[in-house]
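Report on the following structure.
The values are calculated or read from the model by the stated rules, or taken from the named source; none is laboratory data. Small disclaimer: the values here were computed from a predicted structure and weren't measured. Positions of Cβ are backbone-derived with ideal geometry, glycine not excepted, and every protein chain shown enters the neighbour counts.
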Amino acid sequence: MLNMRSTDDRSTKARIRDAAIDVVAEAGPSALTARSVATRAGVSAGSVIHHYGSMEELRDVCDTHIVGEVRRLKTEAMAQGAQVDPIAALRDASDGPPLMAYLARTMVDGTPRVTALVREMVDDAVVYMKAGAASGLLNELDDPEGCAAVLTIWSLGALVLHDHVKALLDVDLLSPSLQADPTYIRRYMAPAFELLSGGMVTDEAAAGITAAIAATQTTTTEDS
């Protein structure tokens, strides 16, 4: 995929949006001002307001763009089925906006905006996880909605705790060159894939745990 940021054919409005995303990714939502965005975009502060009306509107557009990019990348990967190339997908992600840094900075902003953003990401995850099952990449899940919520929370939680990820695994999840870092693949992706594919629990233990969970659900149904 061509990196649109490496070309000069973006509209002024798109350049302002991309500049705002960069500001949030680097310094957090509190740094998002008309002046900071204007300086990075090479426009006047008045131009920022002219194109977006307010900083709140600009932030909404940034959130929508980031979620859309996550949706696009996940959907494209799921459509490849069992032949998916995760390394190519990482390279594709590196050509776009700083998704992980933006989300990491945004998640600590405890506002209704973030609640809505997370909900949208979970809803999207349900859709592309079902698509992955249809394409042969993922197994069918008994509770796709619950699994989507848990996986999204795990992923976003790792971003919020990125300093600890760096300390424990020597992986900087917010690095602009993360996707090209072999340490990321070896120290983060490989263990994550092991957990999600083979898993830690033996078949015998899994059967017992599954039965115990099913029993609690039966009890809850009877009590109601």
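List of remarks:
- Selected residue (criterion: farthest from the chain's Cα centre (by Cα)) from residues of region 48-65 that are β-branched (Val, Ile, Thr) and either outside the structural domain of residue 120 (by TED's automatic domain parsing) or within 14 Å of residue 14 (Cβ to Cβ) (or both): 48
- When residues of region 142-162 are limited to those that are under 17 Å from residue 77 (Cβ atoms) and aliphatic (A, V, I, L, M), the one nearest to the chain's Cα centre (by Cα): 151
- Unmet criterion (only one of (1) among the hydrophobic types (A, V, I, L, M, F, W, C); (2) within 17 Å of residue 105 (Cα to Cα); (3) under 15 Å from the mean Cα position of the chain (by Cα)) for residue 165: (3)
- When each of 152, 115 is tested for being within 25 Å of residue 28 (Cβ to Cβ), among the polar types (S, T, N, Q) and surrounded by fewer than 16 Cβ atoms within 10 Å (Cβ to Cβ), the lone residue that passes is 115.
- The single condition from (1) assigned by TED's automatic domain parsing to the domain that holds residue 86; (2) assigned to a helix (DSSP H, G or I); (3) of a type in the set (Asp, Glu) that residue 194 fails is (1).
- Test: residue in region 198-219 that is closer than 22 Å to residue 76 by Cβ and either among the hydroxyl-bearing types (Ser, Thr, Tyr) or touching a residue at least 12 places away in the same chain (Cβ under 8 Å) (or both): no
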